[in-house]
Amino acid sequence: MNNLDAITVAGAAGKAPQVTIKTPYAVDETRSKVLTPGNGPTVQEAGFIDVNYVGVNGRTGKVFDGNFGSQTTLFPLDQVVPGFKIALEGKRSE
């Protein structure tokens, strides 16, 4: 697919999101969508990010990883999987 229309995200900020995917789902390239723009500093290419996240398998719609309900996780942006870096770099933190 060439868009993210088959994915919906619901829930309150700071709480684990409810991610729904019309499966099986695949994209033609890494894509991201800002649901709520931040007001903080811009995430830099070699910076660090402190996040709560949820990973959902596009083929099955099942959550495979995440850290909601615990502390945020600090990552150096240049050491995360490429899709995560592409999705976060240049965006504003909260």
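One Cα centroid belongs to region 1-29, the other to region 46-67; the line between them spans 11 Å. Residues in the chain average 74 Å² of solvent-accessible surface per residue, probe 1.4 Å, ligands and nucleic acids excluded.
With all protein chains in place and a 1.4 Å probe, the accessible surface of the chain carries 52 percent carbon and sulfur. Over all pairs of different C-alpha atoms in the chain, the reciprocal of the mean inverse distance, the Kirkwood hydrodynamic radius, equals 14.3 Å.
For Val51 and Gln18 in the same chain, what is the full-extension length gain: residue separation times 0.36 nm, less their Cα-Cα distance, in nm?
Details: separation 33, 0.36 × 33 = 11.88 nm, distance 1.68 nm.
Separation in residues times 0.36 nm, less the Cα-Cα distance, equals 10.2 nm.
Rounded to the nearest 500, the 222 nm mean residue ellipticity of the chain from helices alone is -2000 deg cm²/dmol, with -39,500 (n - 2.57) taken per DSSP H run of at least 4 residues.
The values are calculated or read from the model by the stated rules, or taken from the named source; none is laboratory data. Computed from a prediction, not measured in an experiment: that's the story for all the values here. Please note that ligands, DNA and RNA were not included when accessible areas were found on the heavy atoms of the full protein model with its side chains. Shrake-Rupley method; radii C 1.70, N 1.55, O 1.52, S 1.80 Å.
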